[in-house]
Amino acid sequence: MRVFYFLSIFSLVGCAARLDDVDDRLSDIQKRTSLLEQKSGMPVGSDRELLDNQRLADTRTQVAALRNEVTVLAGRLESLEYENKNLTALVKEMSSKQASQERESKKVAAAAEPIETGPEADYHAAMKAFQDGEFDKAEGLFAGYLKKNPKGDLADNSLFWIGECYKERKMCKNAITKYQDLIERFPKSDMRCEAMRNQIACLKDLGMEKEAAAFSKVRIAECPKE
């Protein structure tokens, strides 16, 4: 259908070009006819101004031929105008159908997408807010997940990302506290060593180099593989 739609547009453009050509030819013929009629109808005032019968007949024949061509071209022009009108209507109809089909396709695609529900949906919504740079919103959503699921599978992750929300907003003391909550509440969490790493970074940001160095030794002892 899309191919036919573009072919219709090309036909419409071609039709418009033919209309312009016919208009130009009609204008030229009308000018020539006017000149010939003036010649054929010249008043007789002297011998020099007289036209012989043959020349006058030829002139009238040419005028008649031109008038006939004007009639033919006028009919052709009318036909092209009708064709142009039909093609314009067809293109408009095809455009409307295409837009309707695209809207319908979007509706079908949207309906086919699974709607996520439950605790994980809340967590993923919080992650999306974080990825979009909406750290205040993300913190609230992660906190909401923790309140509903304090021992859920993603509780330790939520604590970590709350710490990250604080860290992104340069609230280093709050971030350190949240990382510590994770370390103490979930000692076997996969996020534990990463939380300790970020605590060290926050201590350095606060200008607490000695504390950062001391904590680095603790982290090396507890996370030898990292």
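The values are calculated or read from the model by the stated rules, or taken from the named source; none is laboratory data. Please read all numbers here as calculations on a predicted model, not as lab measurements. Heads up, the Cβs are rebuilt from the backbone with ideal geometry, glycines too, and the neighbour counts pull from every protein chain shown.
Just a few scattered comments:
- Selection within the range 186-215 - farther than 22 Å from residue 157 by Cα and not aliphatic (A, V, I, L, M): 204, 205, 207, 209, 210, 211
- Total residues in the range 175-214, condition part of a helix (DSSP H, G or I), among the charged types (D, E, K, R) and closer than 21 Å to residue 151 by Cβ: 6
- Some residue of the range 188-200 being free of Cβ contacts under 8 Å to residues at least 60 places away in the same chain and more than 24 Å from residue 221 (Cα to Cα): no
- Tally of residues being surrounded by fewer than 17 Cβ atoms within 10 Å (Cβ to Cβ) and assigned to a helix (DSSP H, G or I) across the range 128-142: 5
- Boolean, residue 193 is surrounded by fewer than 21 Cβ atoms within 10 Å (Cβ to Cβ), out of contact with any strand residue (DSSP E or B) (no Cβ under 8 Å at 6 or more places or on another chain) and not aliphatic (A, V, I, L, M): yes
- In a residue-by-residue description of the range 117-124, the property of being on the phi > 0 side of the Ramachandran plot and modelled with pLDDT under 90 applies to at least one position.
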